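Notes follow once the structure below has been shown.
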Amino acid sequence: MTIKEYVLKRKQEIKQYVSCMQKKPSLAIVQVNDDPASNAYIKGKLKDAEELNINAKLIKLPQSTTQEELLTLINKLNNGDNYDGFIVQMPLPNQINEEAIKLAISPKKDIDGFHPLSTLSPCTPKGIMNYLKYENVELLGKNAVVIGRSNIVGKPMAKLLLNESCNVTILHSKTKFEDMANYIKNADIIVVAIGRPGFLDKRFNYKPDSVIVDVGISRTDEGLKGDAIKDLGVKIQTPVPGGVGLLTRLALYENLLELTKGK
């Protein structure tokens, strides 16, 4: 099943679940940037909410907003009853410390799953893992390689794979090419998230029955490109666009529903 088909199926299940709830779930999206990628992503999130019959509101602040002003709003959202959860869209302007903002969001309202005490997984790794399980990708004892070590994707992705008893290796910009080639050659699952268009290419050898999950998306003169070139001859390779981005948006609403359980 393609990612688009899988997401459509899950959306129908979520919509049915929401229709049985006494109160419609609600979320707020706080934006302090005018980043084109963020704008497109938020537009997609609002469209998803409409399809799922979930209340979603965009709170767009000027780019001149101070850290103190944003923290005041976060405190209001943390303690208010208007929204079951909220996210602060990254990136943030230079005058605002992203880590301070992530820590300020209450774990009870943090649907991005970024807070250290959050019971939820960050949306991109969660969405990927749910899709791999749906596709019955064998995880137990398999060699998984994660390329990229960000706190949003790389590290939490490695943690989720470890939780499924994979043998996990994290590679990054300082990994020697020959070492990287060796790990990739023996990998059953490869998750690449470094924002370098076409990084995974024919320089490397891949197992024919391996899975490549392409998290990267970069705007180039030739259009949107992933971190892997197309058609690397593996069993499953997620497309860009129309791949992991859809899984991430889906996981956001799965996280929201987890926070509303018992309410």
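Ser118 meets each of the listed conditions (1) under 28 Å from Glu5 (Cα atoms); (2) buried (at least 19 other Cβ atoms within 10 Å of the Cβ); (3) free of Cβ contacts under 8 Å to residues at least 12 places away in the same chain apart from (1). One residue stands out in the stretch 16-49 among those that are more than 20 Å from the chain's Cα centre (by Cα) and in a helix (DSSP H, G or I): the one that is surrounded by the most Cβ atoms within 10 Å (Cβ to Cβ), namely Val18. Listed conditions (1) farther than 27 Å from Gly223 by Cα; (2) within 18 Å of the chain's Cα centre (by Cα) are all met by Arg196, apart from (1). Let me confirm something: among Ile128, Ile105, Ile147, which residue is more than 20 Å from Lys45 (Cβ to Cβ), open to solvent by less than 50 Å² (accessible area, probe 1.4 Å), in contact with a helix residue (DSSP H, G or I) (Cβ under 9 Å, 6 or more places away or on another chain) and β-branched (Val, Ile, Thr)? When all the criteria are applied, what remains is Ile147.
Taking the conditions exactly as written (within 15 Å of Leu250 (Cα to Cα) and either within 25 Å of the chain's Cα centre (by Cα) or assigned to a loop (DSSP other than H, G, I, E, B) (or both)), does Ile87 satisfy them or not? Yes.
Condition check for Leu259 on (1) touching a residue at least 60 places away in the same chain (Cβ under 8 Å); (2) crowded, with 18+ Cβ neighbours inside 10 Å; (3) within 16 Å of the chain's Cα centre (by Cα): one failure, at (3).
In the stretch 139-165, the residues that are farther than 15 Å from Asn186 by Cβ and among the hydroxyl-bearing types (Ser, Thr, Tyr) reach residues that are open to solvent by 60 Å² or more (accessible area, probe 1.4 Å) and at pLDDT 95 or above with C-beta atoms within less than 8 angstrom, at least six apart or across chains, in these pairs: Ser165/Leu140. Scanning the stretch 201-221 for residues that are of a type outside the set (Val, Ile, Thr) and either over 24 Å from Asn136 (Cα atoms) or touching a Pro at 6+ places or on another chain (Cβ under 6 Å) (or both) yields Asp201, Lys202, Arg203, Phe204, Ser218, Arg219, Asp221. Within the stretch 100-148, the set of residues being over 23 Å from Pro25 (Cα atoms) and at pLDDT below 95 comprises just one member, Pro116. Only one entry of Ser218, Ser173 meets the criterion of being open to solvent by 80 Å² or more (accessible area, probe 1.4 Å), of a type in the set (Gly, Ala, Ser), over 24 Å from Thr119 (Cβ atoms) and without any contact (Cβ under 8 Å) to a residue 24 or more places away in the chain, and that entry is Ser173. Evaluated against (1) at pLDDT 95 or above; (2) in contact with a Pro (Cβ under 9 Å, 6 or more places away or on another chain); (3) farther than 18 Å from Lys133 by Cα; (4) surrounded by fewer than 17 Cβ atoms within 10 Å (Cβ to Cβ), Leu224 falls short on exactly one condition, (1).
Restricting attention to the stretch 180-196, the residues that are over 25 Å from Glu138 (Cβ atoms) and either touching a Phe, Trp or Tyr at 6+ places or on another chain (Cβ under 7 Å) or open to solvent by 70 Å² or more (accessible area, probe 1.4 Å) (or both) total 1. The selection criterion, being in contact with a strand residue (DSSP E or B) (Cβ under 7 Å, 6 or more places away or on another chain), touching a residue at least 24 places away in the same chain (Cβ under 8 Å), outside any loop (DSSP other than H, G, I, E, B) and open to solvent by 60 Å² or more (accessible area, probe 1.4 Å), holds for Lys57.
Among residues belonging to the stretch 61-83 that are in a loop (DSSP other than H, G, I, E, B) and over 22 Å from Ser38 (Cβ atoms), point out the one that is most open to solvent (accessible area, probe 1.4 Å). Taking the candidates together, the pick is Asp81.
The values are calculated or read from the model by the stated rules, or taken from the named source; none is laboratory data. A quick note: this is a predicted structure, and the numbers were derived from the prediction, not measured. All Cβ positions, glycine included, derive from the backbone under ideal geometry; neighbour counts span all protein chains shown. For accessibility, only protein heavy atoms count, side chains too; no ligands or nucleic acids. Shrake-Rupley method; radii C 1.70, N 1.55, O 1.52, S 1.80 Å.
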